[in-house]
Amino acid sequence: MVFLCVNIGDEKSVIEQYWKEKSFTMRAVRQSQSEVSDAFKVEIYPTNYLIGPDGKILWRSVGWNEAALRSALGL
């Protein structure tokens, strides 16, 4: 399983500092424009996706809901 966090608007140094402060181990990717957000039709942040090995979206959620994510993962 891979978690990928896509950022828009923040400078690389801001992202790195925030990740360090929060001790996140997930990979953060900074998009230069909105190419990733546009591809997934993201309009609100955070928007979360669970994508299967076949590339199909299995679950989508707007806002952070850890219980819903755990449920979608079968945890």
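The values are calculated or read from the model by the stated rules, or taken from the named source; none is laboratory data. From a predicted model like this one, the values you see are computed outputs, not experimental measurements. Neighbour counts run over all protein chains shown; Cβ positions are idealised from the backbone, glycine included. For the accessible areas, the whole protein counts, side chains as well, though only heavy atoms, and no ligand, DNA or RNA atoms are used. Shrake-Rupley method; radii C 1.70, N 1.55, O 1.52, S 1.80 Å.
With out of contact with any helix residue (DSSP H, G or I) (no Cβ under 7 Å at 6 or more places or on another chain) and open to solvent by 90 Å² or more (accessible area, probe 1.4 Å) as the only criterion, which of Leu4, Leu73, Leu69 stands out?
One residue alone meets the criteria, Leu4.
Does Pro53 satisfy the condition of being closer than 21 Å to Leu73 by Cβ and either of a type in the set (Val, Ile, Thr) or open to solvent by less than 100 Å² (accessible area, probe 1.4 Å) (or both)?
no
For the stretch 37-61, name all the residues that are of a type in the set (A, V, I, L, M) and within 26 Å of Ser13 (Cα to Cα).
Within the stretch 37-61, Ala39, Val42, Ile44 qualify.
Among the residues of the stretch 56-63, is any open to solvent by less than 100 Å² (accessible area, probe 1.4 Å) and touching a residue at least 24 places away in the same chain (Cβ under 8 Å)?
So far as the stretch 56-63 goes, no, none of its residues is open to solvent by less than 100 Å² (accessible area, probe 1.4 Å) and touching a residue at least 24 places away in the same chain (Cβ under 8 Å).
Condition test on Ser34, is it under 17 Å from Ile15 (Cβ atoms) and either touching a Ser or Thr at 6+ places or on another chain (Cβ under 6 Å) or surrounded by 11 or more Cβ atoms within 10 Å (Cβ to Cβ) (or both)?
In short, yes.
Within the stretch 6-47, how many residues are within 21 Å of Val62 (Cα to Cα) and among the charged types (D, E, K, R)?
The number of residues fulfilling the criteria is 7.
Are there strands (runs of 3 or more DSSP E) fully within the stretch 1-65 with at least 3 residues that are within 10 Å of the chain's Cα centre (by Cα)? List them. Give the derivation first.
Working: elements: 4-8, 27-31, 47-51, 57-62.
Output list reads 4-8, 27-31, 47-51.
I need the full set of residues from the stretch 17-34 which are among the charged types (D, E, K, R) and touching a residue at least 12 places away in the same chain (Cβ under 8 Å), in order please.
Answer for the stretch 17-34, where residues must be among the charged types (D, E, K, R) and touching a residue at least 12 places away in the same chain (Cβ under 8 Å): Arg27, Arg30.
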